[in-house]
Amino acid sequence: MRAAIFQLFASHSPALCSGIRQLTRISCRFRMEGPAASQQSGETIITEGKASVLYPSANQVFYNPVQEFNRDLTCAVLTEFARMQLAEKGIDIVVPGERESKKVVVNLSDNGDDGDVPFPENAAPSSRRTVTVGESCPEGLRVLEGLAASGLRSIRFAKEVPGLQSVIANDFSSSAVELIKRNIKYNDVENLVTASYSDARLLMYNRMAKQDRFDVIDLDPYGSPAMFLDAAVQSVCDGGLLCVTCTDMAVLAGNNGETCYAKYGAMSLKSRFCHEMALRILLHALDLRSNCYQRYIVPLISISADFYIRVFVRVFTGQAKVKMSASKQTLVYNCVGCGTFHLQRMGRAIAHGNNVKHSAGCGPPVGMNCEFCRQRHQVGGPIWAEALHDKEFVQRVLSASERNPKRFGTSERIEGMLSVVTEELDIPLYYTLDNLSSTIRCSTPGLLPFRSALLHAGYKVSLSHACQNAIKTDAPPSVIWDIMRCWEKQNPVKRERLSETSPAHHILSTEPSIQANFGVREDANPKSRKMGLKRFQENPEANWGPKARAKAGGGISTSLEERRKRHQNKRKLSPEDIDLKQFPCKKFRQGSCDLGDDCRYSHTLPDSEMKPQDDPVSEHETPPC
C-alpha cells in the first residue's frame, strides 16, 4: 500500500517525491544516531561570526572575546590567500555578501602616486569554475589549527572562508577535543573540519613530507609559540601561510630580556618602540628557524594590537635567498638617557652584475656614550630589519573588507588598522612625541606641526599602527633633536632647573644646525586621519585583556577579581590602612589555628601560648621594618 502511494506521488510530482525520500533518510538517521550535539546543563552558546559554539561554564577551554578582532582578521587574510592560490588553478571563490562590481582601492600610502589601484573584476571566463563557503574544494587549502581549544576558529574558517579542502582542529587536551567534536557536529561542518588529539609539534613533524604539508598553519597559544615554530616552518608547504600569535608581551617588550633571548634568539629592550620591536623579534625568530632548512619568510601583515602581536608570513624554499637573511637582521643600540636608537645590520650583500657577494656588517655605528646626552647604550636584537607588511596584499584585504563591510563584527577596526598599515614607512622602529618632549622637559609638540617640520626638512614621515603618538621617519637622530631644540626655543624651559648631568642639559646646550619650520602642511595630516577611521581602539570594558590559563582538570585556580583586589593599589594606601597580608596563616591551612575564620597572617598569639625559647616575634607576627 505504501509503495503504491509513493509511486502515485512520483508520477505527479518528482520534486515532492525527492523531498519525501530526504525526510525519510533524516528520520531514520535521527532514530539510529540520536539528535545532533545539543546544549547541556551548565553550558552556554556563544555566537561569533557565522559560528556558534558550546562553551562550558567550568572553563576547561576558555573563550576570549578580546580575540574577536584576531579571528576576524585571520578569516579576511585567509580568504584573500585562498583567492590568490586558487586563481592560479582556474578557480574563483565566492564570498557571501561581497559586491561583485568593479572596485578601486584608494592608495593611502604617502610614498608615491596618489592614484587609485584597480581591483580585478570578479567575472570569470566560462572555462573557470567557482567554489562557495562550506563546499569542500579538492584543490583547496589544507588548514591546521594547532591549538584549537573550543574549535571556534576552525569552525569559522569552515563557515566563512571559501576554497578550503580540509581543516584540522587539534588540541592536546582530551576534554577540549571532545568539545571540538561536539561543536563540529553542532555547526554541521563535518565535511570540512576534523578534530585531532595530539601534541601539535608531533602532528606537524609527522606531516613534513612534501605531499603531506599544510597550506596554512595557525598557531594561537596561551603565551609563547616558541616551542612550535621549528615544527611549523618545516610542515608548511612552499609558499604556504603561517599565522602566529604571541601573548607573552612582557617578555617581548623588554621586561625579561634574558627570557626573550632564550625563546626567540634576540634580546628585547624596554623602550618606547617595544611593540614594533616585539614584531620584529618574532619575525627574526621565524626566519632564523626557517634558514636551518634552506627556507625563508616573506611577511604579509604584522600587527600589534591590544595585548598581543599577530603575524602572517609566507614560507618559501631557496638557498640563494637564505644567504640574504643575515643582511635582513639588525642590532639595535638604544640610549638609556634620551631614547635615541641606531641600527647595525648583521650582514652586507653587495651586487656585482649577476653575482652577489655576502660579508659581515661593519660597525659599531655609535661610540660608548650617546653623542647627544652622554649616557650609555644598550644593545638589543638582532631583529628583523625589512618590511613588516606586503603593501599589495594589505590593499587586497582592505579592498575586500570595503566591498563587504558587514562581513565581520570588527570590520571598522580592520579597515582602520589596515589603512594605517598602508601608510607606514618600511623603516624599523619609531620615536614618540611624549618621550622626545619629556627628555628635554618641554611641552609636547602637536602631531601635525612636528610632521610638517620633518617634511619641510626633506624627510619622509608616517604614523605606526603599534603606537598612537609614534613618529616613523628616515630622518637621522641629529635632525630629530634639532627640531626639538627649535621647538624648545618657541616653548622655553627653565634651564636653571636642569641638572648638569641630565640628558636635557646636554641636548639643549647645543645649538640647532637647522631652522625648523612648524607651519602645517597639507600632506602632514595622514589620509586615514582625515577619513576619521577607527585606527586605535580604546578598551571597551573593564579588565580588557587575556584571561587566566585554562587548567587541564577544568576551572581556574584563583578568582581573577580576588587576585586583583589583593595585589593591586597596595602602594596607594597609607601604612595605617594596610592590614598587612590578607591571606590566612599556615596553621589555618592545617586546621589548628584557634582564631578560625578571623585568622590573618598578621595576627599575634596570646603571651600564654608563646614558648620561652621562642623569639619575641612569633611565626604569626610580621616583624617591624
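The values are calculated or read from the model by the stated rules, or taken from the named source; none is laboratory data. Since the model is a prediction, treat every value here as computed from it, not as a measurement. No Cβ is skipped: glycine too gets one built from the backbone with ideal geometry, and neighbour counts run over all protein chains shown. Heavy atoms of the whole protein, side chains included, go into the accessibility calculation; ligands, DNA and RNA do not. Shrake-Rupley method; radii C 1.70, N 1.55, O 1.52, S 1.80 Å.
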Open item on the list: Between region 142-172 and region 252-275, what is the separation of their alpha carbon centroids in Å?
Closed with: 31 Å
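Quick one: divide the alpha-carbon radius of gyration of region 129-272 by 2.2 N^0.38 Å and tell me what you get.
This ratio for region 129-272 stands at 1.15.
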TODO: Would you mind telling me the share, in percent, of accessible area of region 307-445 contributed by carbon and sulfur at probe 1.4 angstrom?
DONE: 50 percent
TODO: Stick to the Cα atoms of region 385-504, pair each with every other, and give me the Kirkwood hydrodynamic radius in Å at one decimal.
DONE: 16.5 Å
- [ ] Compute the relative contact order of region 217-319 as a whole-number percentage, counting only Cα pairs closer than 8 Å that sit 6 or more residues apart in sequence.
- [x] 30 percent
- [ ] Taking the dipole about the Cα centre of region 261-353, with the C-beta of Lys and Arg at +1 and of Asp and Glu at -1, give me whichever of 269, 293, 341 is farthest to the positive side.
- [x] 293
TODO: Over 19 Å between C-alpha atoms is what I'm after, so list which of 472/494; 406/534; 472/527; 321/460; 159/210 land there.
DONE: 472/494; 321/460; 159/210
Open item on the list: Need one number for region 376-419: average projected area of the convex hull over its C-alpha atoms, nm².
Closed with: 4.9 nm²
Task: Relative contact order, percent, region 253-302 [alpha-carbon distance under 8 Å, six or more residues apart] - done: 28 percent
Open item on the list: Only four residue types carry charge here, +1 at the Cβ of Lys and Arg and -1 at the Cβ of Asp and Glu. Report the dipole size of region 379-433 about the Cα centre in Debye, rounded to the nearest 20.
Closed with: 340 debye
Open item on the list: If you take every residue apart from residue 189 with its C-beta less than 14 Å away from the C-beta of residue 189, what net charge results, scoring Lys and Arg +1 and Asp and Glu -1?
Closed with: +2
TODO: Return P(r) of region 266-382 (all Cα-Cα pairs; 5 Å bins starting at 0; whole %; ordered from short to long distances).
DONE: 2, 11, 18, 18, 19, 14, 10, 6, 2, 0
TODO: Work out the charge dipole of region 403-536 with +1 on the Cβ of Lys and Arg and -1 on the Cβ of Asp and Glu about the Cα centre, then indicate which of 431, 491, 418 is farthest towards its positive end.
DONE: 418
TODO: Normalise the Debye intensity by I(0) for region 328-389, one equal point scatterer per Cα, no solvent, then take log10 at q = 0.23, 0.28 Å⁻¹ and round to two decimals.
DONE: -0.92, -1.11
